[in-house]
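Q: Sending over a structure as structure tokens; questions will come in a sec.
All of the numbers you see were taken from the coordinates with simple rules; none came from a lab. Everything numeric here is computed off the predicted structure, so don't read it as measured data. Glycine also receives a Cβ, built like all others from the backbone with ideal geometry; neighbour counts cover every protein chain displayed.
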Amino acid sequence: MKTNDIMARLEAKYPGESEYLQAVREVLQSVEETYNQHPEFEKAKIIERIVEPDRIFTFRITWADDNGEVHTNIGYRVQFNSAIGPYKGGLRFHPSVTPSMLKFLGFEQVFKNALTTLPMGGAKGGSDFDPSGRSDAEIMRFCQAYMQELINCIGPDQDIPAGDVGVGGREIGFLNGMYRKISRQHGTGVLTGKGLTWGGSLLRPEATGFGLLYFVENVLKKAGKDIKGCRVAISGFGNVAWGAAIKATELGAKVVTISGRKGMCEIPNGIDQEMIDYMLEMRSSNRHNVEDMAIRFPDKAKYYAGEKSWRVACDIALPCAFQNELSEEDAKTLVANGCWCCCEGSNMGCQPGAIHYFQSQGVLFGPGKASNAGGVATSGLEMVQNASHISWSKEEVDIKLKSIMRDIHEQCVKYGTQPDGSIDYVKGANIAGFMKVATAMIEQGLV
Ligand code: 2IT
């Protein structure tokens, strides 16, 4: 297998699918050497098979806004690979959603889910619907219309969606309501991220951010460092950023930034509980404006329009917003200002140039498929609770999440330790995830 040959074929076949091609290239570069040591992989044409989704569903969604005006959006579900378990992965509602974006996210999800140690295949879905500025009633009608089509693609042993950007607990509630109405089944087990009174798991909302910080703790421990007293720059103010801010603060670090689509807030003395709670209000207001934090707490936060979190001096950078949000230029600014660790809370948050720069400077870098896997891992734990009709305490879930993140870190170390003793977490995560899925595909024959 030669990465460049395969990429040339994919580029010709899928021109313009830049996020998908970027994600595939990164994985192929990482696994090329290991792959070529396994003739059975080449014989079964694993690479050619693993880069293609099993199937993609596309559907029209028509709904009416509060003024009665009719809108049409496109909905998708990309079922990427089910070799190790039923399809599992989030739904993203964002105006920039395209098949390329969901193919990249589905592809990443395959390897991320493999790393969690739980039996889950990879999928992703969503719509180009823009929730910002919409009323709760409009969001409900959109979710209901979306589920009228999605229901044909999913099932508790088939495909179990959850949230992602633009889809949180409120949306999962509306989606589950319509699933229950049409199927005449409760739906426990067909979606994760559910409410606590109808089958949700304690700690699922916090899990991506908590898991990210548990991963950071493992990385730091291995490098002989401590998170206490570290300045942490976070981007985003959604679910992942919120969980990360809680746990970083609890561990004695100081969260000095959050950000939104249009600018960032600097918080020189570190975020506090009141501000963390306000992040939840910012999300539920449907305004999607991070400036609200500086308006609400003028003495504690300052808003910079058009700026990113990466201009502020910090020890640890945690991109928690969107793919490709951290460029090579940003990486250079961060390192010049003293940053020595970056772990992705978002999927593919760093551009390839940023990753290479970080690694060339000895910055400890954790790729999203390892460092943000705590979210989907806890979705897996929600599925276990649903299947056995029980619910675990917060402490029980937390212990399991911690142990999964430790395990993911160990897999990265196993496959990513370099001859000079340093750890390439990108390589480690990609090879560990790939080996598991490839082995499962071979053992199940040509399907
Ligand atoms: O990117 C992700 O891992 C998620 N959006 C969570 C997926 C899930 O099924 O919990």
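Q: Segment 163-228 to segment 359-430: how many Å between their Cα centroids?
A: That distance is 15 Å.
Q: Quickly estimate the mean residue ellipticity at 222 nm for the chain, helices only: each DSSP H run with n ≥ 4 gives -39500 (n - 2.57), and the total goes over all residues, rounded to 500. Intermediate values should be presented prior to the final figure.
A: Values: 17 runs with 214 residues, N = 447.
Helix contribution divided over all residues of the chain: -15000 deg cm²/dmol.
Q: Only Lys, Arg, Asp and Glu count, each charged at its Cβ (+1, +1, -1, -1), so figure out the dipole size of segment 286-412 about its Cα centre, rounded to 20 debye.
A: That gives a dipole near 140 debye.
Q: Report, ordered by chain and residue number, the lysines lying within cross-link reach of residue 262, taken as a straight Cα distance under 20 Å and ignoring same-chain residues fewer than 8 apart.
A: Of all the lysines, those that pass the test against residue 262 - Cα under 20 Å, at least 8 places apart if same chain - are 300, 302, 308.
Q: Here's something else I'd like to know. Given the alpha-carbon gyration tensor of segment 346-389, what are the semi-axes of its equivalent ellipsoid in whole angstrom, ordered largest first, with each equal to the square root of 5 times an eigenvalue? Could the numbers behind the result be given before it?
A: Numbers: eigenvalues 224, 16, 4 Å².
Taking √(5λ) for each eigenvalue gives 33, 9, 4 Å, largest first.
Q: Separate question: Multiply the residue separation of residue 4 and residue 37 by 0.36 nm, subtract the distance between their alpha-carbon atoms, and state the gained length in nm to one decimal. Provide the component values of the computation, followed by the final result.
A: Numbers: separation 33, 0.36 × 33 = 11.88 nm, distance 1.78 nm.
Roughly 10.1 nm would be gained on extension.
Q: Same structure, new question: To the nearest 20 debye, what charge dipole does the chain have about its Cα centre, counting +1 at the Cβ of each Lys and Arg and -1 at the Cβ of each Asp and Glu?
A: Values: 48 positive and 53 negative charges, 94 e Å.
Once rounded to the nearest 20, the dipole reads 460 debye.
Q: How would you rank 71, 409, going from fewest to most other Cβ atoms within 10 Å of each one's own Cβ? Mind showing how you got there, number by number?
A: Values: 71 15, 409 26.
By the 10 Å Cβ count, ascending: 71, 409.
Q: Using a/c under 1.5 as the rounded threshold, could you call segment 38-193 rounded, prolate or oblate? The axes a ≥ b ≥ c are square roots of the C-alpha gyration tensor eigenvalues, and prolate needs a/b larger than b/c, oblate otherwise. Don't jump to the answer; show the numbers that get you there.
A: Numbers: a/c = 2.43, a/b = 1.79, b/c = 1.35.
Because a/c hits 1.5 or more and a/b exceeds b/c, segment 38-193 counts as prolate.
Q: Fully extended, how many nm does the chain gain between residue 55 and residue 182 (0.36 nm per residue separation, minus their Cα-Cα distance)?
A: Contour length minus the Cα-Cα distance gives 43.4 nm.
Q: If you don't mind, there's one more thing I want to ask. Report the full-extension gain for the segment residue 443 to residue 307: residue separation times 0.36 nm, less the Cα-Cα distance, to one decimal in nm.
A: Working: separation 136, 0.36 × 136 = 48.96 nm, distance 4.98 nm.
Contour length minus the Cα-Cα distance gives 44.0 nm.
Q: Identify the trypsin sites (Lys or Arg not before Pro) of segment 222-253 meeting these criteria: DSSP loop state and at most 15 other C-beta atoms within 10 Å of the C-beta.
A: On the way: sites: 222, 225, 228, 231, 247; in loops: 225, 228.
Sparse-neighbourhood loop trypsin sites (Lys or Arg not before Pro): 228.
Q: For the residues 424, 272, what sequence is obtained by ranking on other C-beta atoms within 10 Å, fewest first? Each step should come with its number before you reach the end.
A: On the way: 424 18, 272 15.
The fewest-first ordering by Cβ neighbours comes to 272, 424.
Q: Obtain the radius of gyration and the Kirkwood radius of segment 202-256 from its C-alpha atoms and give Rg over Rh. Intermediate values should be presented prior to the final figure.
A: Working: Rg = 10.8 Å, Rh = 11.2 Å.
Taking Rg over the Kirkwood Rh, I get 0.97.
Q: Is segment 137-183 best put as rounded, prolate or oblate by its Cα gyration tensor, with a ≥ b ≥ c the root eigenvalues, rounded for a/c under 1.5, and otherwise prolate when a/b is larger than b/c, oblate when not? Intermediate values should be presented prior to the final figure.
A: Numbers: a/c = 1.96, a/b = 1.27, b/c = 1.54.
Oblate is the answer for segment 137-183, as a/c is 1.5 or above yet b/c matches or exceeds a/b.
Q: Let me ask something else. If the convex hull of the alpha-carbon atoms of segment 223-376 is projected onto planes in all directions, what is the mean projected area in square nanometres? Don't skip to the end; give the middle numbers.
A: Values: hull surface 33.5 nm².
Dividing the Cα hull surface by four gives the mean projection, 8.4 nm².
Q: Reachable lysines from residue 194, Cα under 26 Å, same-chain residues fewer than 8 places away excluded?
A: Residue 194 reaches 88, 103, 112, 124, 181, 247, 369, 394, 400, 402.
Q: Rank the residues 66, 407 as a footprinting-exposure proxy: fewest other Cβ atoms within 10 Å of their Cβ go first. Intermediate values should be presented prior to the final figure.
A: On the way: 66 10, 407 16.
Neighbour counts put them in this order, fewest first: 66, 407.
Q: Return the loop-located chymotrypsin sites (Phe, Trp or Tyr not before Pro) in segment 225-302 (DSSP other than H, G, I, E, B) with at most 12 other Cβ atoms within 10 Å of their own Cβ; answer none if there are none. Mind showing how you got there, number by number?
A: Details: sites: 237, 242, 278; in loops: 237.
When the chymotrypsin sites (Phe, Trp or Tyr not before Pro) of segment 225-302 are filtered for loop state and at most 12 Cβ neighbours within 10 Å, nothing remains.
Q: So for segment 23-75, what are the equivalent ellipsoid semi-axes in whole Å, largest first, each being the square root of 5 times an eigenvalue of the Cα gyration tensor?
A: Semi-axes (√(5λ), whole Å): 44, 12, 5.
Q: So, one more: With the convex hull built on the Cα atoms of segment 139-218, state its orientation-averaged projected area in nm².
A: Working: hull surface 23.6 nm².
The Cα convex hull of segment 139-218, projected and averaged over all directions, gives 5.9 nm².
Q: Follow-up. In nm, give the distance between the simple-model label positions of residue 96 and residue 396, each being 7 Å from the Cα along the Cα-to-Cβ direction.
A: 4.0
Q: What is the ratio of the Cα radius of gyration of the chain to 2.2 N^0.38 Å, with N the residue count, to two decimals?
A: Details: Rg = 20.8 Å, N = 447, 2.2 N^0.38 = 22.4 Å.
Dividing the Cα Rg of the chain by 2.2 N^0.38 Å gives 0.93.
Q: Go ahead and set up a Gaussian network model of the chain, Cα springs under 10 Å, then flag whichever of 124, 369, 332 fluctuates most.
A: Its mean-square fluctuation being the largest, the pick is 332.
Q: What is the percent of Cα-Cα separations in segment 216-295 that go past 21 Å? Mind dumping the intermediate values first?
A: Values: 829 of 3160 pairs.
Roughly 26 percent, rounded to a whole number.
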